[in-house]
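First the structure, in the form of structure tokens, and then the observations on it.
Laboratory data are not the source of any read-out in this text; all were calculated from the coordinates shown. From a predicted model like this one, the values you see are computed outputs, not experimental measurements. Glycine gets a Cβ as well: all are built from the backbone with ideal geometry, and neighbour counts include every protein chain shown.
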Amino acid sequence: MASRLQFGVLGLVAVSSVYGLLASCTDDTPELIKVAKPDTGTVDDTGVVVTPKFTPAGCNYTTTPPKIEGFPDFEKHEDAVGPTPDLRYVRRGIGGNTDKASTGYADPSTSFVVGWQSDAATKASRMRFGEAADKLDKTQDGFSYLVQQDRLKSGPAEGVRFHEVHLCGLTPGRTYYYQVGGGPSGKEVWSPVYSLTTAPVKGTTDKVLFGIAGDSRDADGRSTQPTWGAIAKRLKNAGVGMTITTGDSVLFGYNQDLWDIWSKATGDAGTSVFFAMSLGNHESEFIRNYGHLLMPTSGTEHSERYGSFDWGPVHFIMIDDFFGVVSPSADDTGTYKTELLAWLDKDLGKANENRAAVPWIVTFHHHPMYSSTTQKERAAERTKVKEAFQALFDKHHVNLDVAGHDHFYERNNPIKGDKADPTGTTYLIDAAAGAPAYSTTTDNPFSAKIQKYQDKDPAAYEGIYTIVTADTASFKLTTYTMQSAASGSSPADDKVLESVDFAK
């Protein structure tokens, strides 16, 4: 693979080390950039560099990491526990691949992934699970990989070990109980028992709930993410099985300390709610991002940068739209955008053909196509996203496109071909989960509803989030304004900003 340089919106900056500082930085430009080296995989008997991979028992897919500098090889489960294992930040994800025609395609109705962190020495990556909390009578082994502390000294000195267990062949709509850990006989270490419910069977007519939230990062210097923690708790208590997030979960994606703050704020919601995450410009492409994504793999060097899955009557598509789309790609082969758009056209085409069983299509990514932000320099970003995606969204009739980046809430009237059209796509910005608030203008002719937050108004809101209720015949978006992160625990404690029914 060719060596790849990555750079941000301030232009190409030459650096000689793994990380380099930008000379200056706006609020939404990552302070650090990364220089990627050639593939660091293992070498087989013929001298060919190979990508580390893992095929979970009982699953029809192989999970592979992205080809970025320093990504360590996967290590299979070992009965090894360190002196202070500290099993922490257990979170739910989804495995599978991104090929909708494949038997190994991501399917949250019959599979799930659980990830967690531990000390460096704990290599036990095992799950005990069952259909009752007191009867965890099955086991599945996974893998782990150690991310070393970098020169910036974030996270523990010995590094952080990320663990994953992939489980397949489950029953749709069934609640499973599980715990993670393992170790030598008599010296095993286990997490508490958690539970989650698989997605409903494909083609169901039952209603499903899913959440929408974005830009949970706090301003630099914060030691907590109270707004995000309150929203995550509300979504769990509302009964959503899945929430899409639109990027910028943390301020700097290389920083393990910030990811730990995010994980702590997410709390037990992460053990039962599948937070389907897209990457933003603040995450960039750093190893630690992929320890938290837990998304389907493309099997290419761009693994986990795009993917899709069906959840009941809705087809979801996640897109990383930063490097290679919005920001000039440092991938000197230019492979990402070409690969992404070819896959997106194919995936949307198959989803459009499957409308009888799964009638709704929702895309989510970070940078919006339409926005009322006062930051005029972002118009160029919107143009790049439109040029990349809008024709495909129009061609395949995407119902809802969700973005973040501009820190407020805005729903646009349906748009097709850059014109108002009731048969077009509704473009939504939901980016009010903790990041500093942005001001708005009235320049966007398509805007149907806009709401700022965290302003100086005595009735200011600390956060905004959305819950969608959908079945094969209906799709209803309800958005809530949260006035206080310190009080309340469910949507019933907040105010409804708007409730919108979508036409099929």
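Quick query: amide H of GLY424 versus all other amide H atoms, modeled in the peptide plane; which residues come in under 5 Å with a sequence gap of 5 or more or a different chain?
ILE415
In straight Cα distance, which aspartates and glutamates are under 17 Å from LYS53, not counting same-chain residues fewer than 8 positions off?
Result set, ordered by chain and number: ASP39, ASP44, ASP45, GLU69, ASP73, GLU75, GLU78, ASP141, GLU164, GLU301, GLU304.
Counting alpha carbon pairs within less than 8 Å and at least 6 residues apart, what relative contact order, in whole percent, applies to the chain? Intermediate values should be presented prior to the final figure.
Details: 1338 pairs, mean separation 71.8, N = 504.
Computed value for the chain: 14 percent relative contact order.
Looking at segment 208-501 only, what percent of DSSP beta bridges run antiparallel? Nearest 5 please. Please list the in-between numbers first.
Working: 36 of 57 bridges.
Percent antiparallel among DSSP bridges in segment 208-501 is about 65.
How would segment 51-197 be classified by its alpha-carbon gyration tensor: rounded, prolate or oblate, with rounded meaning a/c under 1.5 and the a/b versus b/c comparison settling the rest? Please list the in-between numbers first.
Numbers: a/c = 2.04, a/b = 1.18, b/c = 1.72.
Note, shape of segment 51-197 comes out oblate.
What's the exposure ranking of TYR306, TYR105, going from fewest to most Cβ atoms within 10 Å?
Details: TYR306 26, TYR105 20.
By the 10 Å Cβ count, ascending: TYR105, TYR306.
Quick check: from the Cα gyration tensor, does segment 208-501 come out rounded (a/c under 1.5), prolate or oblate? If you can, show how the numbers build up before the last one.
Working: a/c = 1.29, a/b = 1.16, b/c = 1.11.
Rounded.
In which sequence would ASP493, ASP320 go, from the one with the fewest C-beta neighbours within 10 Å to the one with the most?
So the ranking, lowest neighbour count to highest, is ASP493, ASP320.
Which order do VAL201, VAL496, VAL385 fall in if you start with the one that has the fewest other Cβ atoms within 10 Å?
VAL496, VAL201, VAL385
State, as an integer percentage, the relative contact order of segment 159-302 based on alpha-carbon contacts under 8 Å between residues 6 or more apart.
On the way: 206 pairs, mean separation 30.0, N = 144.
Computed over segment 159-302, the figure is 21 percent.
Is there a pair in LYS202/LYS350; LYS337/LYS384; LYS236/LYS395; LYS350/LYS395 whose C-alpha atoms are over 23 Å apart, and which pairs would that be? Before the final figure, lay out the partial values.
On the way: LYS202/LYS350 15 Å; LYS337/LYS384 11 Å; LYS236/LYS395 35 Å; LYS350/LYS395 12 Å.
Where the Cα-Cα span goes over 23 Å, the pairs concerned are LYS236/LYS395.
Mind scanning LYS207/LYS449; LYS153/LYS452; LYS153/LYS386; LYS67/LYS153; LYS416/LYS476 and naming the pairs with a C-alpha gap bigger than 32 Å? Working shown, then result.
Values: LYS207/LYS449 26 Å; LYS153/LYS452 36 Å; LYS153/LYS386 39 Å; LYS67/LYS153 23 Å; LYS416/LYS476 21 Å.
Beyond 32 Å: LYS153/LYS452; LYS153/LYS386.
Run the numbers for THR84 and LYS135: contour at 0.36 nm per residue of separation, minus the present Cα-Cα distance, in nm.
Values: separation 51, 0.36 × 51 = 18.36 nm, distance 2.71 nm.
The THR84-LYS135 span can extend by a further 15.7 nm.
When the chain is fully extended, how far beyond the present Cα-Cα distance does THR55 get from GLN483, taking 0.36 nm per residue of separation?
Values: separation 428, 0.36 × 428 = 154.08 nm, distance 4.58 nm.
149.5 nm is the gain from fully extending THR55 to GLN483.
What FRET efficiency would be calculated for the residue pair LYS495, LYS76, taking the C-beta separation as r and a Förster radius of 51 Å, to the nearest 0.05? Write down the numbers at each step before the final one.
Working: r = 50 Å, r/R0 = 0.98.
The computed FRET efficiency comes out at 0.55.
Roughly what % of DSSP beta bridges within the chain run antiparallel, to the nearest 5?
Details: 79 of 102 bridges.
Roughly 75 percent of the beta bridges in the chain run antiparallel, per DSSP.
Nearest 500 deg cm²/dmol is fine: what mean residue ellipticity at 222 nm does the chain get from its DSSP H runs of n ≥ 4 alone, each adding -39,500 (n - 2.57), divided by its residue count? Mind dumping the intermediate values first?
Working: 6 runs with 72 residues, N = 504.
The helix contribution divided over the chain gives -4500 deg cm²/dmol.
Please tell me the relative contact order of segment 51-197 in percent, rounded to the nearest whole number, where contacts are Cα pairs under 8 Å and at least six residues apart. Before the final figure, lay out each step's value.
Working: 347 pairs, mean separation 38.8, N = 147.
Rounded, it is 26 percent for segment 51-197.
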